[in-house]
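Before any comments, here is the structure.
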């Protein structure tokens, strides 16, 4: 069996967005979704992460809870999903379906767009336990 492609990951990620509750889905559709093999060096450096396999996804933008009218223009908010780190985690875990892990990373990153911190997400999402 061959590993899913970047296009396969993008398909699963877009499907996860369609499953968000309507109030969230409308806002999520305005966010650019990018799927890449690995995070860029600048992303890792900015987060203080040394191993590119340690970053499965990233939200870049201004959370909705912090947006102002004058935030219009500039770069669009973006959710990044990284194929190689997700595949590595999936293989290491061995206890979750790949599509479920992809969807989980997508939802986690969109939660940041909606203004949730990692701590907020962890309080309601016990996925990583």
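The values are calculated or read from the model by the stated rules, or taken from the named source; none is laboratory data. Given the structure is predicted, the values throughout are model-derived calculations rather than measurements. Heads up, the Cβs are rebuilt from the backbone with ideal geometry, glycines too, and the neighbour counts pull from every protein chain shown.
Reported count of residues in the range 48-71, each being out of contact with any helix residue (DSSP H, G or I) (no Cβ under 9 Å at 6 or more places or on another chain) and modelled with pLDDT under 95, is 7.
Residue count for the range 4-57 under the criterion of being within 24 Å of residue 116 (Cβ to Cβ), within 14 Å of the chain's Cα centre (by Cα) and outside any helix (DSSP H, G or I): the result is 12. Residue check: is residue 31 touching a strand residue (DSSP E or B) at 6+ places or on another chain (Cβ under 8 Å) and modelled with pLDDT under 95? Considered against the rule, which asks whether it is touching a strand residue (DSSP E or B) at 6+ places or on another chain (Cβ under 8 Å) and modelled with pLDDT under 95, residue 31 comes out as yes.
Would you mention how many residues in the range 72-128 are part of a helix (DSSP H, G or I), more than 15 Å from residue 58 (Cβ to Cβ) and modelled with pLDDT of 85 or more? Even if it seems obvious, please write down each step before you answer.
In the first step, residues of the range 72-128 are kept if they are part of a helix (DSSP H, G or I); the result is 83-93, 98-113, 118-124.
Still in the list and also more than 15 Å from residue 58 (Cβ to Cβ): 87-88, 90-93, 98-101, 103, 119-120, 122-124.
Among the residues that remain, those that are also modelled with pLDDT of 85 or more are: 87-88, 90-93, 98-101, 103.
Here the count works out to 11.
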